[in-house]
Amino acid sequence: MNKETYNWSDKTILIAEDVESNFLFLEEVINQTGANVLWAKNGVNAIDIFKNTSKIDLILMDIQMPLMNGFDSTKAIKKIDPKVPIISQTAYAMAEDRAKSIAAGCDDYIAKPIASKKLLALISNYIQ
């Protein structure tokens, strides 16, 4: 059981993830914190939701998505608000993926399969 408990009831986290089962897992993990969760099913949708939501505290960005990949979506969102923390998530756990994510403007990176404890600890580095 997760000894660390987080209270992010005043936070909003956008999950950009095109695979519903992956989104549902991430949503379940984040729901434990009380945070509000929004779902973008592709990179274009992520940008639209970000533009039309008054306050998003953090974005979990899948890299492989339809319409627009996570790298391009991250670049577009960072142009709107360079301070919003974006954590890329990808099944391609190669060193160059981390480097590409950071180069695209992501603040951090987590490889799939994602461990819930590790994810919450990583997010807690960016939101309190």
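Brief remarks follow.
- When segment 1-27 is limited to residues that are of a type in the set (Asp, Glu) and in contact (Cβ under 8 Å) with a residue 12 or more places away in the chain, the one that is farthest from residue 72 (Cα to Cα) turns out to be 4.
- Residue within segment 52-62 that is farther than 15 Å from residue 78 by Cα, buried (at least 17 other Cβ atoms within 10 Å of the Cβ) and in contact with a strand residue (DSSP E or B) (Cβ under 7 Å, 6 or more places away or on another chain) present: yes
- Of the criteria (1) outside any loop (DSSP other than H, G, I, E, B); (2) farther than 16 Å from residue 110 by Cα; (3) in contact with a Ser or Thr (Cβ under 9 Å, 6 or more places away or on another chain); (4) not basic (Lys, Arg), which one residue 8 fails: (1)
- Residue in segment 64-104 that is surrounded by the fewest Cβ atoms within 10 Å (Cβ to Cβ), counting only those that are of a type in the set (A, V, I, L, M), under 21 Å from residue 127 (Cβ atoms) and in contact with a strand residue (DSSP E or B) (Cβ under 8 Å, 6 or more places away or on another chain): 102
- Matching option when the condition is in a helix (DSSP H, G or I) and either among the charged types (D, E, K, R) or within 11 Å of the chain's Cα centre (by Cα) (or both), among 77, 123, 49, 87: 123
- Every residue from segment 106-120 that is over 17 Å from residue 95 (Cα atoms) and part of a loop (DSSP other than H, G, I, E, B): 115
Here, each number is a calculation from the coordinates, and none is a lab measurement. From a predicted model like this one, the values you see are computed outputs, not experimental measurements. Glycine gets a Cβ as well: all are built from the backbone with ideal geometry, and neighbour counts include every protein chain shown.
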